[in-house]
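The values are calculated or read from the model by the stated rules, or taken from the named source; none is laboratory data. As the structure is a computational prediction, the values presented were derived from the model and not from experiment. When we count neighbours, we look across all protein chains shown, and the Cβ atoms used for this are built from the backbone with ideal geometry, even at glycine. Remember, those area values only see protein heavy atoms, side chains included, never the ligands or the DNA or RNA. Shrake-Rupley method; radii C 1.70, N 1.55, O 1.52, S 1.80 Å.
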Amino acid sequence: MSYPQLLTPEDKLTQAKQGLNIPHIVAICGSTRFMADMHEANLRETAAGHIVVAPGCNMKEPHALWGTPEQAEPLKARLDSLHRAKIRLADEVLVVGDYIGDSTRAEIRYAASLGKPIRYTHPEVNPLITQEPPR
């Protein structure tokens, strides 16, 4: 006797997106120093018919929402959590820029752990295939 397979939440999300005919979803990742490049990537992906989710706040630029450390620290944690949710929602990740810092590297590892395909605007910076120079 065989038993039906229980669907994981990820399987349910995939089936729901298919059932609703949701277009391919791309999560843009990268340093916020590349916000202009992210905007260009968003434009190109959208024109290609994809839904794009991307960083919505650039905390490197001054703003009243994160003007003090007491405001900035909890907001940064919420934004990191929100971006991980965007990665879970996405069908693939697009890493923008020719530099990958610690936060972006963590996002790449997270996406890879979920089995998400990962593209790079600058493939030479792929931390999954390149080694950091010895110190």
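See the values below:
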quantity	calculated
Among [x] 1.20; [y] 0.96; [z] 1.11, the entry that matches Cα Rg over 2.2 N^0.38 Å as calculated here	[x]
The chain, relative contact order [Cα under 8 Å, separation at least 6], %	27 percent
Helix 35-47 vs. the chain, principal-axis angle (Cα, 0 to 90°, nearest 10)	30 degrees
Carbon + sulfur, % of accessible area of the chain - ligands and nucleic acids excluded, 1.4 Å	57 percent
For segment 41-93: rounded, prolate or oblate by the Cα gyration tensor [a/c cutoff 1.5]	oblate
Value of [θ]222 nm, deg cm²/dmol, for the chain, DSSP H segments ≥ 4, -39500 (n - 2.57) each, nearest 500	-13500 deg cm²/dmol
Residues of type lysines that residue 76 reaches as a straight line, Cα spacing below 27 Å, ignoring anything fewer than 8 places off in the same chain	60, 86, 116
Local net charge near residue 82, Cβ-Cβ under 13 Å (Lys/Arg +1, Asp/Glu -1)	+3
Accessible surface, the chain, averaged per residue in Å² (probe 1.4 Å)	67 Å²
Sequence-distant residues sharing a close amide H with residue 95 (under 5 Å, placed H)	29, 119, 120, 121
From the C-alpha gyration tensor of segment 60-135, square roots of 5λ in Å	26, 17, 11
Degrees separating the helix 69-89 axis from the principal Cα axis of the chain, which is the longest one	30 degrees
Acute angle (nearest 10 degrees) that the helix 102-113 long axis makes with the longest principal axis of the chain, alpha-carbon atoms	10 degrees
